[in-house]
1. Sum up the charges of everything whose Cβ sits under 14 Å from the Cβ of residue 290, counting Lys and Arg as +1 and Asp and Glu as -1, but leave residue 290 out.
2. Per DSSP H run of n ≥ 4, the term is -39500 (n - 2.57); total these for the chain, divide by its residue number, and report the mean residue ellipticity at 222 nm rounded to 500 deg cm²/dmol.
3. So which trypsin sites (Lys or Arg not before Pro) in the range 237-336 pass both tests, a DSSP loop state and at most 14 other Cβ atoms within 10 Å of the Cβ?
4. Using a Gaussian network model on the chain with a 10 Å cutoff between Cα atoms, which of 304, 150, 94 fluctuates the most?
5. Around residue 412, under 12 Å between beta carbons, what's the net of Lys plus Arg minus Asp minus Glu among the other residues?
6. Within the range 38-170, count lysine pairs with alpha carbon atoms under 19 angstrom apart where the residues are 8 or more positions apart or belong to different chains.
7. Let me know the charge dipole size of the chain about its Cα centre in debye, to the nearest 20, where only the beta-carbon of Lys, Arg (+1) and Asp, Glu (-1) is charged.
8. Could you tell me whether the range 124-262 comes out rounded, prolate or oblate from its Cα gyration tensor? Rule is a ≥ b ≥ c as square roots of the eigenvalues, rounded for a/c under 1.5, then prolate if a/b exceeds b/c, otherwise oblate.
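What follows draws every value from the coordinates through simple rules; no lab data is involved. Because the structure is a prediction, the values reported are computed rather than measured. Don't worry about glycine lacking a Cβ; one is built from the backbone with ideal geometry, like all the others, and counts go over all protein chains shown.
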Amino acid sequence: MNKGFRTIANFGMVALLALTIVACNKNKKPTSIDPGKESTTTGLKYGSGSGKNKKNEFAMRKFKGQPDGPNLVYIEGGRHIMGSQEEDVLGARDNIERTVTVSSFYMDETEVANVHWLEYLHYVRDSGEQYYQDALPDTTVWAAELAFNDPYIDHYLRYPGFRFFPVVGVSWRQAVNYCVWRTQAVNTGLALKNGNKEEKAQAKAGERIPLESGIVLPGYRLPTEAEWEFAAKGLVGTQYLDEMQDYGRLYPWDGHSLRNPYGRQMGEFLANFKRGRGDYAGIAGKLNDGAMITEWIYAYPPNDYGLYNMAGNVNEWVEDIYRPLSYEDMNDLNPVRTDGKGLKLAGGGNRQKNGEYLDPARLYDRNNTSLIDNKVRVYKGGSWKDVAYWLAVGTRRYLTEDSSSATIGFRCAMIRAGGNH
């Protein structure tokens with residue numbers, strides 16, 4: 001083959017390749033990450049959201065997917081059996097097993113720690129004295145008339161040695177306020193790092209960055225009870241083949257034992273809890289569960305989602321208001337029972353009357369039956385002061401949203417936006 005013929009052949013191959021690419025691009029369907037250069041319904045070109053044409057063209061900013069949020073772990077959603085698989089020793093029958101589906105979401109790898117709360121207090125000082133005072137944890141939760149826990153009252157929150165221990169003495173309402181502040185703090189940082197000139201100016205001014213920008217995150221919030229149970233069980237570690245599972249889980253780990261059955265950690269407890277009457281940690285020289293009170297937020301092996309201390313250490317607030325009949329009236333897709341505040345229908349009016357659907361608080365005798373109204377919230381997981389029964393994922397308890405305890409903390413969650421699962 002002479003040189004001229006080879007040149008023509010090569011040119012032909014390049015032309016054919018170019019035509020193939022053009023054809024492929026014409027057949028390419030738009031996606032959120034690659035929407036194309038013009039609208040598929042009007043044919044009008046998209047703008048970049050900046051420059052001289054930003055007011056004349058619909059802006060289509062570059063989008064690479066939901067940004068990574070600090071401390072968040074991705075939880076792939078799916079179907080699971082929600083409810084208590086432990087013996088109902090109290091006879092409450094308030095979390096009976098039922099099949100639900102939970103959408104994919106994100107959850108904090110660890111409980112929110114003292115150092116995180118001190119950071120919060122530092123930044124909200126400028127919001128006014130009253131706001132700062134309202135954000136202070138109740139350190140007197142450590143006080144007990146017949147016990148010498150006084151050092152924890154003064155030291156647990158602020159002494160550097162407790163920095164990465166879970167914050168306690170925080171009410172449900174305070175935890176919700178922290179989520180709001182954290183959202184603003186994280187999104188301000190993302191806007192200053194990745195935003196255009198206008199968005200950086202908005203961030204510096206403390207203004208909300210539009211979600212349409214694609215550079216900020218959805219809000220941090222408390223997980224729903226369904227999300228919490230789903231994440232705690234970590235059943236991704238029990239699957240094989242196509243949607244097959246060998247077994248369920250009572251705790252965030254395999255089996256019914258509270259001790260590690262493997263390797264060098266064989267016999268070590270897998271959570272921080274009260275082993276029995278008067279026994280919080282074991283015998284000196286070998287304190288098996290590691291702590292008389294709370295423990296380091298990274299202590300003990302994580303579950304199969306990579307989440308630490310989903311059983312023991314501290315109980316954790318969840319979004320739901322408490323009702324014993326939640327298992328009967330809740331939706332089977334992303335179930336939650338809220339107080340209804342802030343939820344409005346498109347046509348106006350409240351989404352629900354007084355935050356109640358089929359199980360209103362007025363049906364309960366608050367004086368003689370139990371603490372049930374729309375300000376009572378569920379908490380989960382068991383704590384350093386609880387026996388093993390409360391470590392089971394499906395067990396649940398409740399407390400008024402403005403109350404706090406030395407045994408209750410929290411972790412945040414976030415939706416996975418822009419996905420169909």
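1. Cβ neighbours under 14 Å give a net charge of 0.
2. -7000 deg cm²/dmol
3. 277
4. 150
5. Net local charge, residue 412 excluded: -3.
6. Value for the range 38-170: 5.
7. 2340 debye
8. Because a/c hits 1.5 or more and a/b fails to exceed b/c, the range 124-262 counts as oblate.
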